[in-house]
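Comments concern the structure below.
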Amino acid sequence: MTENQVSVIIPTFNESENICNVLDLIKEHLPRINLEAIVVDDNSPDGTGKIVEDYVKIKGNEEYPVSVIHRKTKSGLSSAILDGLKKSNGDTIVVMDSDLSHPPQIIPKMLETLRKTQCDIVVASRYVAGGAIQGWPFKRKLMSKIATKIAKKGLGINSDDPMSGFFVFRKKITEGLKFDAIGYKMLLELLVKANGVKVEEVPYTFTDRKKGSSKLDTSTIIDYCKSVWKLYRYGRQVRKTEKRVSVRFLSKAARFFTVGASGLGVNYLASLLFSSSLDMWYLHATILGIVFSITSNFVLNKYWTFEDRDFAPKKTAIQYGKFAGFSSIGALVQLGMVYYLVDGFSLSYPVALVLAVGTAAFSNFVLNKKWTFRE
Ligand code: GDD
């Protein structure tokens, strides 16, 4: 991958009347840029591929490398873009039609936006302020609007023109992505799969082609539906995976807090029971309350919070030792606090106990979570 090189990918099918013009205009509007153009032709019956080969022979390749990928049959716009991407050398990719409906004169602005905003994708947009469509009948405009709405609402796309066939992106954002490349909607797939990338839009006027004809047909519309459905399922899968991770994380934390809370109860009740019913000295009663809560916390955290059902004696003893060891810091805090609050501040024992048990439980929680049950 060459830094600061721009690769322009131009898929063609029966564009013999347009392609040379497009190649000329690209060069004219990007004179000082390290540039290459890759035409991806699907064995066009009108000889587009051969015309580009002749163009290269006549113009020479040194100042402005132009290459052609010849594919055997008409295999779709998106897959043509992907094949162009594989062959590209630049770190910045421009994708555009070869019928002059996408004005090459706005490429410099798109590249400048990419550089200045440090974004990852720049979409040439018909649907932001300043953008427009010229030459399309009402039916085609309506179809485009509906398709755009479906993509934005259904797939949560962060662009006003995800159907655009004219866009610039940093090649590195495609690393590791697997594309389905169905039909026309390469940008849509990129926007969904390169999740979290920064997108900017540059307005432009789409002017319907003057020469040749659109290749959009019923199968393209069916492909669009397939593509949206696949992308919807893809997005759902990603969301599900993310949710599963956070639900698991939350439930683990929630279990730990619940155990902590139950430990508070065990500690408090056991201490009160020993001090009042068995008439024990309050400090002895507090120590026993601590031992009881440490044990019940340990068993619950091991079995329930961390779902560790392995109660092999040695392993369990070591875990209990760690748990008790770390918890003893909390116990010392509890003991010290109770003593200080009852003897020093003449606080009633039940109130002092609530404060001390709360503080001790917190330190228990933090230390044991981090060290004893780490997976
Ligand atoms: N290699 C290859 N293979 N190129 C193709 C194929 C194919 O199967 N199908 C179309 N192309 C090329 C055309 O030669 C043209 O350069 C470009 O892809 C766009 O095809 P058109 O058929 O002219 O598209 P359109 O003008 O109807 O649709 C436009 O608007 C859509 C948004 O609504 C294009 O800009 C689309 O890219 C855009 O998504």
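Points to keep in mind about this one:
- Boolean, LYS109 is closer than 19 Å to ALA124 by Cβ, out of contact with any helix residue (DSSP H, G or I) (no Cβ under 9 Å at 6 or more places or on another chain) and open to solvent by 30 Å² or more (accessible area, probe 1.4 Å): yes
- Looking across the range 205-220 at every residue that is under 20 Å from ALA181 (Cβ atoms) and either touching a His at 6+ places or on another chain (Cβ under 9 Å) or of a type outside the set (D, E, K, R) (or both), the one that is farthest from the ligand (Cβ to nearest atom) is identified as THR218.
- Residue match in the range 262-276 (condition: within 16 Å of the ligand (Cβ to nearest atom), more than 25 Å from PHE365 (Cβ to Cβ), at pLDDT 80 or above and not basic (Lys, Arg)): no
- Residue list for the range 356-375, restricted to those being β-branched (Val, Ile, Thr) and either part of a loop (DSSP other than H, G, I, E, B) or surrounded by fewer than 17 Cβ atoms within 10 Å (Cβ to Cβ) (or both): THR359, VAL366, THR372
- When the residues of the range 304-322 are filtered to those that are touching a Phe, Trp or Tyr at 6+ places or on another chain (Cβ under 8 Å) and part of a helix (DSSP H, G or I), the one that is farthest from TYR282 (Cα to Cα) is THR305.
- Which numbered condition LYS185 misses (of (1) of a type in the set (Lys, Arg); (2) surrounded by fewer than 20 Cβ atoms within 10 Å (Cβ to Cβ); (3) within 16 Å of the ligand (Cβ to nearest atom)): (2)
- The range 115-132, residues that are among the aliphatic types (A, V, I, L, M) and surrounded by 12 or more Cβ atoms within 10 Å (Cβ to Cβ): ILE121, VAL122, VAL123, ALA124, VAL128
- Residue in the range 75-87 that is crowded, with 22+ Cβ neighbours inside 10 Å, touching a strand residue (DSSP E or B) at 6+ places or on another chain (Cβ under 9 Å) and farther than 23 Å from LYS171 by Cβ present: no
- Taking the listed residues ASP99, ASP46, ASP24, the one that is over 29 Å from the mean Cα position of the chain (by Cα) and away from the ligand (no atom under 11 Å from the Cβ) is ASP24, with no other qualifying.
- Candidate set: the range 68-84, residues that are hydrophobic (A, V, I, L, M, F, W, C) and more than 15 Å from LYS185 (Cα to Cα); chosen: the one farthest from the ligand (Cβ to nearest atom): VAL68
- Qualifying positions in the range 342-355 - part of a helix (DSSP H, G or I) and without any contact (Cβ under 8 Å) to a residue 60 or more places away in the chain: ASP343, GLY344, VAL351, ALA352, LEU355
- Given (1) at negative phi; (2) open to solvent by less than 40 Å² (accessible area, probe 1.4 Å), index of the condition SER219 fails: (2)
- Unmet requirement for VAL39, which otherwise passes all of (1) open to solvent by less than 20 Å² (accessible area, probe 1.4 Å); (2) within 26 Å of GLU200 (Cα to Cα); (3) more than 10 Å from the ligand (Cβ to nearest atom); (4) among the aliphatic types (A, V, I, L, M): (3)
- For the range 156-179, a tally of residues being away from the ligand (no atom under 12 Å from the Cβ), crowded, with 18+ Cβ neighbours inside 10 Å and under 18 Å from LYS226 (Cβ atoms) returns 1.
- Residue in the range 323-341 that is open to solvent by 30 Å² or more (accessible area, probe 1.4 Å), outside any helix (DSSP H, G or I) and without any contact (Cβ under 8 Å) to a residue 12 or more places away in the chain present: no
- Residue check, VAL52 of a type in the set (A, V, I, L, M), in contact with an Asp or Glu (Cβ under 8 Å, 6 or more places away or on another chain), at pLDDT 95 or above and under 26 Å from THR174 (Cα atoms): no
The values are calculated or read from the model by the stated rules, or taken from the named source; none is laboratory data. Please read these numbers as outputs of a predicted model, since none were measured by experiment. All Cβ positions, even for glycine, are placed from backbone atoms using ideal geometry, and neighbour counts span all protein chains on display. These area figures cover heavy atoms from the full protein model, side chains too; ligands, DNA and RNA do not enter into them. Shrake-Rupley method; radii C 1.70, N 1.55, O 1.52, S 1.80 Å.
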